[in-house]
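Computed from the coordinates by the stated procedures, all read-outs in this text should not be read as laboratory data. What you see is a predicted model; the values in this text were computed from it and never measured. In this analysis, Cβ positions are derived from the backbone assuming ideal geometry, glycine residues included, and neighbour counts consider all displayed protein chains.
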Amino acid sequence: MTEPMAEGSAGGTLILGIGNILWADEGFGVRVVEEIHRRYRLPDDVLLMDGGTQGLYLVQYVKAARRLLVFDAVDFDQPPGTLAVVRDDDVPRFFGCRKLSLHQTGFQDVLAAAALLGGGPENLALIGVQAEALDDWGGSLRPMIRAQIDPAIAAGLDILAQWGVVPTPRPVPLPDEQSLLGHGTDLGGYERNAGE
């Protein structure tokens, strides 16, 4: 298993995108953190991470975080493209809760393991979008899901501001070559490679 792609340092705020970019809208959370990386510089105590489908490999990062902001595709029985913001105790933490995130079983394990190890976030927020397509292997985000990246970032910036975290806008967004993901798997590179 490879290390998740990350920028920053652990211990303060963790901004985590989870999902599988190979399954269309499933990659929403990863694409959001990728875009945050392109547009903003983050304070030194903020770790921005593409958690992909790492599951329990994320425990050490979640355990160390005092504040955790997660972006993901969700299933909460709303029309596709609906954006949801869930905070603190409303984010299910253990098995047996209604499935909210497509990664919830694994992510619930991560939260529970972090707590059992004596850590985990004091503040927790999940920002997700109701997916439209999840069964398109190699497909990219659907237009209505892609359209929710900017609103998800805005919602995330609001939450970060409430936590006292203020990212600095970059004068010019980073080019694809400096993507958080790298290796041509950034959204633009992924779509270009899929078209070849």
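Here are the numbers:
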read-out	value
Amide H within-cut-off set for N20, under 5 Å, with H built and near neighbours excluded	G27
For V172, V62, V86, order by how many other beta-carbon atoms lie within 10 Å, fewest first	V172, V86, V62
Net charge, I127 excluded, C-beta distance under 14 Å - Lys, Arg +1, Asp, Glu -1	-3
Positive minus negative residues near P169 (Lys, Arg vs Asp, Glu; Cβ under 14 Å)	+2
Residue-count net charge about T13 - beta-carbon cut-off 10 Å; Lys, Arg +1, Asp, Glu -1	+1
Relative packing of 147-153, 74-80, which averages over residues the other C-beta atoms within 10 Å, highest first	147-153, 74-80
